[in-house]
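**Q** Quick one: this structure, given as structure tokens, is what I'll be asking you about.
The values are calculated or read from the model by the stated rules, or taken from the named source; none is laboratory data. Every value quoted in this text rests on a predicted model; they were computed, and no experiment measured them. Note that each Cβ is placed from the backbone with ideal geometry, even for glycine, and that neighbours are counted across all protein chains shown.
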Ligand code: UTP
């Protein structure tokens, strides 16, 4: 079985729900307290064992600052883990430009001429954390590693899944499963239509036939549903598996309220911040 050597961090969208900030700062650059989303994702991909990271950007976005080597700052802040000052220094990086934000399938297509084997896809504004570490004791997420382990066992494409509150299903792709096998994906259903409350959570491991399938299910014909059409193809043929990531906290920097909730939730779980932050928060809430 071919090894998973490539990861795509997709950051080519407009981010209209985070305007006006996203007009000047890519939402993928926004921090979870003090670590940018894209840096969390880069370290997660490296921890999953890939050799190359492909970043999908747009003609209007400048990610140069995020990709840079900031080792020179180490003497100013010797406490910070060096992998966070230069998160891309130990990995090959390719930047691909998606000319128009035509959806996830089209974003993936931009990188596929450089990739020959199975690959990971991480949505640039979705962080999944199993450990809530600070910059002086950083430990990367193992979410993508879980998908790679599943692929190494089964040889089939797979997607990360998480449970959401039933009233939130209409924001997501919701799945019906038989064991690990996904039988159905319903995009943004009503509560009544939803087959479960298990949803796609921004982590995918796709196989090398993806390139041909993205041509078969073209963006012209399927628009933003192109990547769902490819996943349905796998579902209806050799199989698409779901990997439930129940032990992970899911943080989204794509909308103001979830972004704010992410800061609060993570701060309350981080050992260097939780005591003083929760004391301040209790005090603040008591004022109302
Ligand atoms: P979203 O659909 O949440 O992002 O995509 P968006 O389109 O930028 O946001 P809104 O709807 O305008 O607020 C999830 C991730 O996929 C990337 C985005 O950059 C984001 O990180 N994406 C989305 C692409 O790379 N290309 C696309 O065409 C769409």
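**Q** Based on this model, can you work out whether residue 45 counts as assigned to a helix (DSSP H, G or I) and surrounded by fewer than 19 Cβ atoms within 10 Å (Cβ to Cβ)? Lay out the reasoning, then the answer.
**A** Working: assigned to a helix (DSSP H, G or I): yes; surrounded by fewer than 19 Cβ atoms within 10 Å (Cβ to Cβ): no.
Considered against the rule, which asks whether it is assigned to a helix (DSSP H, G or I) and surrounded by fewer than 19 Cβ atoms within 10 Å (Cβ to Cβ), residue 45 comes out as no.
**Q** Identify, by number, the condition in (1) in contact with a strand residue (DSSP E or B) (Cβ under 8 Å, 6 or more places away or on another chain); (2) away from the ligand (no atom under 16 Å from the Cβ); (3) more than 30 Å from residue 78 (Cβ to Cβ) that residue 135 doesn't meet.
**A** (3)
**Q** Among the numbered criteria (1) in contact with a helix residue (DSSP H, G or I) (Cβ under 8 Å, 6 or more places away or on another chain); (2) without any contact (Cβ under 8 Å) to a residue 40 or more places away in the chain, which one does residue 105 miss?
**A** (2)
**Q** Does any residue in region 221-246 that is within 15 Å of residue 175 (Cα to Cα) and without any contact (Cβ under 8 Å) to a residue 40 or more places away in the chain come within less than 8 Å, Cβ to Cβ, of a residue that is more than 15 Å from the ligand (Cβ to nearest atom) and assigned to a helix (DSSP H, G or I) six or more places away or on a different chain, and which pairs are these?
**A** 233/213; 233/216
**Q** Test residue 130 against the stated conditions and say whether it is at pLDDT 95 or above, within 27 Å of residue 63 (Cα to Cα) and crowded, with 24+ Cβ neighbours inside 10 Å.
**A** Numbers: at pLDDT 95 or above: yes; within 27 Å of residue 63 (Cα to Cα): yes; crowded, with 24+ Cβ neighbours inside 10 Å: no.
Considered against the rule, which asks whether it is at pLDDT 95 or above, within 27 Å of residue 63 (Cα to Cα) and crowded, with 24+ Cβ neighbours inside 10 Å, residue 130 comes out as no.
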